Amino acid sequence: MRTLVDIPDDDILKLDALAAKSKRSRAAAIRDAVKLYLLRNSDTDWIERGYGYWADRTDIGDAVAYQRAIREDLTPYEDL
């Protein structure tokens, strides 16, 4: 869907510079900005949005094993 929006000249210059830096069009940068705005202002809880974000990563290891290893180190803060 096409829409007409008035954007100040200074913002257009900055937008064009950012779009050129990432080798994208102005329209693509504006679409991404709208998506980000909608995401940040949605009713969806941030925990729900991030759930499973690292599920496919293989370089992290077992989170429970990491927590147990950290808890085994009972060195008082003052002794560090």
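Hey, in the GNM for the chain with a 10 angstrom Cα cutoff, which one of 65, 55, 17 fluctuates hardest?
So, out of 65, 55, 17, the one fluctuating most is 65.
Order these peptides, 21-31, 43-53, by their mean beta-carbon neighbour count within 10 angstrom, highest first.
Result, highest mean Cβ count within 10 Å first: 21-31, 43-53.
Lys/Arg Cβ at +1, Asp/Glu Cβ at -1, dipole of the chain taken about the Cα centre: which of 8, 67, 47 is farthest positive-ward?
Of 8, 67, 47, it is 8.
Between helix 26-40 and the chain, what is the angle of the helix's C-alpha long axis to the longest principal axis, kept within 0 to 90° and rounded to the nearest 10?
Approximately 50 degrees, to the nearest 10.
Could you check which residue among 16, 32, 56 shows the biggest mean-square fluctuation in a GNM of the chain with a 10 Å Cα cutoff?
56
For 38, 4, write out the residues from largest to smallest accessible area, computed with a 1.4 angstrom probe and no ligands counted.
Heavy-atom accessible area, descending, gives 4, 38.
Could you tell me the extents of the chain's C-alpha atoms along the three principal axes, largest first, rounded to whole Å?
So the three principal-axis extents are 60, 28, 25 Å.
Which value does Rg/Rh take for the range 1-42 over its C-alpha atoms, Rh per Kirkwood?
Radius of gyration relative to Kirkwood radius: 0.99.
Based on Cβ point charges of +1 for Lys and Arg and -1 for Asp and Glu, what charge dipole magnitude is obtained for the chain about its Cα centre, in debye rounded to the nearest 20?
680 debye
Note the angle between two axes, namely the Cα long axis of helix 9-21 and the longest principal axis of the Cα atoms of the chain, as a number of degrees from 0 to 90, rounded to the nearest 10.
60 degrees
Grab the alpha carbons of the range 30-74, take their convex hull, and tell me the volume per residue in Å³.
131 Å³
Express the carbon and sulfur contribution to the solvent-accessible surface of the chain as a percent, rounded to the nearest whole number, probe 1.4 angstrom.
The computed percentage sits at 56.
The values are calculated or read from the model by the stated rules, or taken from the named source; none is laboratory data. Because the structure is predicted, anything quoted here is derived from the model rather than measured. We place every Cβ from the backbone using ideal geometry, glycine too, and count neighbours over all the protein chains shown. Heavy atoms of the whole protein, side chains included, go into the accessibility calculation; ligands, DNA and RNA do not. Shrake-Rupley method; radii C 1.70, N 1.55, O 1.52, S 1.80 Å.
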